[in-house]
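Student: My questions all concern the structure below.
The values are calculated or read from the model by the stated rules, or taken from the named source; none is laboratory data. Keep in mind it's a predicted model, so treat the numbers as computed, not measured. Side chains included, ligands, DNA and RNA excluded: accessible areas come from the protein's heavy atoms. Shrake-Rupley method; radii C 1.70, N 1.55, O 1.52, S 1.80 Å.
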Amino acid sequence: MKKKKGFKRMMAGILAMAATAAVVFTGCGGDSDVNSEGGKKDGNDVVITFAGWGSLAEKQNFTKMIDKFEETHPGVKVNYQHYPGTESDYMVKLVSNVAANKMPDVFYLPTNEFVEWASAGRLLDMTDYLAKSKLYKEGEIWEKAMDMYYYNSKTGTVGEDGGLYGLPKDLGPWAMVYNKTLFEQKGVPLPDPVEPMTLDEFVDVAKKLTSGSGVEKVYGTANYTLESAVWSNNADFLSEDKKTITVDTPEFAEALQWVADLALVHGVAPTTSEAAASGWFERWCNGKVGMAWMGPWDQPTFWESVTFEWDIMPTPVNEKTGKAVSWLGSAALCVSAKSKEAQAAYELAEFLCMDKEAQAINCESGQAVPNIIEMAENDYLAMDKMPANKQVFLDILKNPEKGQFKPTYYTKNSSWYDYFITEANKVYSGEMSAADFLKKIQPELQDRLNGNE
């Protein structure tokens, strides 16, 4: 989900007001609330706090997982603090708790916040805990997911080298979903489950699916994911060392203009004003979009709210480069560096990440593709629920050429990206060409990446 413009500056402002921070996590109420600074116990039980955001379905899902953890860890009680609303709403509260010294022991952390939080010393280094783990088995969890939350404090880089400062809550591949019922009604052949469409074929199919006008108009596609178009065209937002903005290239401009032209030229996607009036998710659920993008976390909503048949298909391939790249989303399960119950907190994070019973609960609820590879390749694929072609999700997970992390995962601040997304509306609305826009904005993005706002 896109964060609001100036989000990082707002976070910094909240931290600066530590003395007056008033927003704190609330559990059962009063002095019985547990936080990592207090380390309170309930009789002989160790009590730890766990915080996260999400839907009611996610709350119910994690409540079941926590109940199972408490069953298998006698003497440990978990105070689960769930926050409905957006990631941004949650982060406002989490940062306020840093300021007020009221951090939960275990908490979700978005990937675009990971470098900043790890570099600030707020996260427990789990390296030694993992080495002594009786639950973790090398090769059992997606390697890409485990590597994601290593951070090297000397080089400021993320990946395989450094200390382990988080465990993957999940690893969500972003795949293209299509309205199977609409395809059949329009007489359009269904996408091949293995061989991807080319981008030209994608536009042609989108035109065949588009019909009507006004509020009843059905669009062939929702707005295309820019990262997919950019990466598939041999372009990127950042240099290889992640220190330089690289958007001002012909390849990047071509990809951005192609995405904008789906609405401006081809009329197969909503315009900026139409998208503002009704987002892609609402249009999709109402059957007003033929093709869109989804993550595994969308499955429960689709199961409950969508009345037509749907499935997922391989990411469209750029015919010039032969590439078809999507992105991988995730969130970390982190432990506060100040937790006074670090061992119990780590065990909860580890349990949620890799325990087979916990992962089975997560899988059956449709919240995520299991972190455990064997479970993903067997139990998940065998589930008798849409999408039928779940293998697409696994292909993106397995193949490094098919799934990449968003650029903000690698940078200490994301204000440059937030600014880019906001300003890119000048291209999507037709106010500026992609080439002119990128030439103008690249130095501004570099200043923001460098912290000079």
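Student: Largest first, how would Trp297, Trp174, Trp303, Trp416 line up by accessible area (1.4 Å probe)? Could you put the intermediate results ahead of the total?
Tutor: On the way: Trp297 90, Trp174 30, Trp303 65, Trp416 0 Å².
Correct descending sequence by accessible area is Trp297, Trp303, Trp174, Trp416.
Student: At 0.36 nm per residue, and after removing the present C-alpha to C-alpha distance, how many nm does the segment from Glu374 to Lys356 gain when stretched out fully? It would help to have the intermediate numbers written out before the result.
Tutor: On the way: separation 18, 0.36 × 18 = 6.48 nm, distance 1.02 nm.
Gain in length upon complete extension: 5.5 nm.
Student: Per residue, how large is the accessible surface of the chain? Use a 1.4 angstrom probe and give square angstrom.
Tutor: Numbers: 19510 Å² over 453 residues.
Heavy-atom SASA per residue in the chain reads 43 Å².
Student: Here's a follow-up. Working from Cα positions, state the angle (0 to 90°, nearest 10) between the long axis of helix 199-209 and the longest principal axis of the chain.
Tutor: With both axes taken from Cα atoms, the answer is about 80 degrees.
Student: Nearest 500 deg cm²/dmol is fine: what mean residue ellipticity at 222 nm does the chain get from its DSSP H runs of n ≥ 4 alone, each adding -39,500 (n - 2.57), divided by its residue count? Walk me through the numbers on the way to the answer.
Tutor: Working: 19 runs with 178 residues, N = 453.
Computed ellipticity for the chain at 222 nm equals -11500 deg cm²/dmol.
Student: Sticking with this one: How high is the relative contact order of the range 286-435, in percent, with contacts defined as C-alpha pairs under 8 Å that are six or more residues apart? The partial results should precede the final answer.
Tutor: Details: 113 pairs, mean separation 42.0, N = 150.
In percent, rounded to a whole number, it is 28.
Student: Kirkwood hydrodynamic radius of the range 226-358 from all distinct Cα pairs, in Å? Don't skip to the answer; put the middle values down first.
Tutor: On the way: mean 1/r = 0.0537 Å⁻¹.
By the Kirkwood definition, the hydrodynamic radius is 18.6 Å.
Student: For Asp67 and Ser305 in the same chain, what is the full-extension length gain: residue separation times 0.36 nm, less their Cα-Cα distance, in nm? Please list the in-between numbers first.
Tutor: Details: separation 238, 0.36 × 238 = 85.68 nm, distance 2.79 nm.
Roughly 82.9 nm would be gained on extension.
Student: Still on this structure, please answer the following. Above 18 angstrom, tally the Cα pairs of the range 376-421 and express them as a % of all pairs, no decimals. If you can, show how the numbers build up before the last one.
Tutor: Values: 536 of 1035 pairs.
Value for the range 376-421 (Cα pairs over 18 Å): 52 percent.
Student: How large a share of the accessible area of the chain, in percent, is made up of carbon and sulfur atoms when the probe is 1.4 Å and the other protein chains stay in place?
Tutor: Numbers: 9600 of 19510 Å².
It is 49 percent, rounded to a whole number.
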